[in-house]
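Student: What follows is a single structure, and I will ask about it in a moment.
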Amino acid sequence: MLSHPSPSRDPYPGRPRRITAVVASWLVLVLVSGCTGPTPTESLYRDAAEQTVTALLSAVGTGIMLSEIHRRDMAFSPYTETTVEDAEDAARSVNDTFGTRQPPTPRARSLRSELAPLCDSAVNALSDLRIALREDDGAAVRTAERSLRSVAVDLTELQDELS
């Protein structure tokens, strides 16, 4: 007689629950970020910009942390490479989402012209970090980290202006 696993048993006993939580979080981010629409008022546009800055700061902070972890040799390469890919994907998604928003006023267009290059810089710096980590190039990791820190300063200043 064949025995079937009980419904309460995890069919993948070696799978870490952490992966499940990360995947669930990413799905929520994708669903929420995929819902862009018109921003009829300057206030709503500023709110969207503030959310964009917050999300980018998170991705950039992850990149800075990963460069420090790499420098101190505190994690295996697959972890840092996968995590920086996730941060880059998140930053790219946030950048794409904000880019689809129509600025409703000249002041909102000015805000867009300030934030859009920061979005691009964050994505590019995370891409540079991903490449450097894959190649295990310490000098390139440090260069990417400097870029990330510079973007973080600019994003923080913008966040302070928006608050």
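The values are calculated or read from the model by the stated rules, or taken from the named source; none is laboratory data. Just so we're clear, the structure is a prediction, and the values are computed from it rather than from any experiment. Counting neighbours? That spans all protein chains shown, and the Cβs are built from the backbone with ideal geometry, glycine included. These area figures cover heavy atoms from the full protein model, side chains too; ligands, DNA and RNA do not enter into them. Shrake-Rupley method; radii C 1.70, N 1.55, O 1.52, S 1.80 Å.
Student: Out of contact with any Cys (no Cβ under 7 Å at 6 or more places or on another chain), closer than 18 Å to E50 by Cβ and open to solvent by 50 Å² or more (accessible area, probe 1.4 Å): does that describe E114? It would help to see each step written out before you state the result.
Tutor: Numbers: out of contact with any Cys (no Cβ under 7 Å at 6 or more places or on another chain): yes; closer than 18 Å to E50 by Cβ: yes; open to solvent by 50 Å² or more (accessible area, probe 1.4 Å): yes.
Criteria met by E114.
Student: What are the pairs with Cβ atoms under 6 angstrom where one residue, in the range 76-89, is within 11 Å of R134 (Cα to Cα) and the other, located anywhere, is open to solvent by 80 Å² or more (accessible area, probe 1.4 Å) and modelled with pLDDT of 95 or more? Sequence gap at least six, or different chains.
Tutor: Hits for this filter: E81/R134.
Student: From the list L129, L162, pick out the single residue that is touching a residue at least 40 places away in the same chain (Cβ under 8 Å), touching an Asp or Glu at 6+ places or on another chain (Cβ under 9 Å) and within 23 Å of E50 (Cβ to Cβ).
Tutor: L162
Student: Restricting attention to the range 97-111, which residues are in contact (Cβ under 8 Å) with a residue 40 or more places away in the chain, out of contact with any Gly (no Cβ under 8 Å at 6 or more places or on another chain) and open to solvent by less than 80 Å² (accessible area, probe 1.4 Å)? Quick ask: steps written out before the conclusion?
Tutor: So in the range 97-111, the residues in contact (Cβ under 8 Å) with a residue 40 or more places away in the chain come out as 97-98, 100-105, 107-108, 111.
Restricting the remaining residues to those that are out of contact with any Gly (no Cβ under 8 Å at 6 or more places or on another chain) gives 98, 100-105, 107-108, 111.
Listed by number, the residues that qualify are F98, R101, P103, P104, T105, A108, L111.
Student: Scan the range 59-88 for residues that are more than 20 Å from N124 (Cα to Cα) and among the acidic types (D, E) and report the count.
Tutor: Of the residues in that region, 1 qualify.
Student: Inspect all residues belonging to the range 89-96 and state whether any of them is under 11 Å from the mean Cα position of the chain (by Cα), of a type in the set (S, T, Y) and surrounded by fewer than 22 Cβ atoms within 10 Å (Cβ to Cβ).
Tutor: yes
Student: Of the conditions (1) at pLDDT 95 or above; (2) more than 17 Å from the chain's Cα centre (by Cα); (3) more than 24 Å from S163 (Cβ to Cβ); (4) open to solvent by 50 Å² or more (accessible area, probe 1.4 Å), E85 fails just one. Which one is it?
Tutor: Against the list (1) at pLDDT 95 or above; (2) more than 17 Å from the chain's Cα centre (by Cα); (3) more than 24 Å from S163 (Cβ to Cβ); (4) open to solvent by 50 Å² or more (accessible area, probe 1.4 Å), E85 comes up short only on (2).
Student: So which residues in the range 124-139 are open to solvent by 80 Å² or more (accessible area, probe 1.4 Å) and either in contact with a Phe, Trp or Tyr (Cβ under 7 Å, 6 or more places away or on another chain) or under 17 Å from A152 (Cβ atoms) (or both)? Before the answer, list the steps.
Tutor: Looking only at the range 124-139, we keep the residues that are open to solvent by 80 Å² or more (accessible area, probe 1.4 Å), and these are 124, 128, 134-136.
Across the range 124-139, the qualifying residues are N124, D128.
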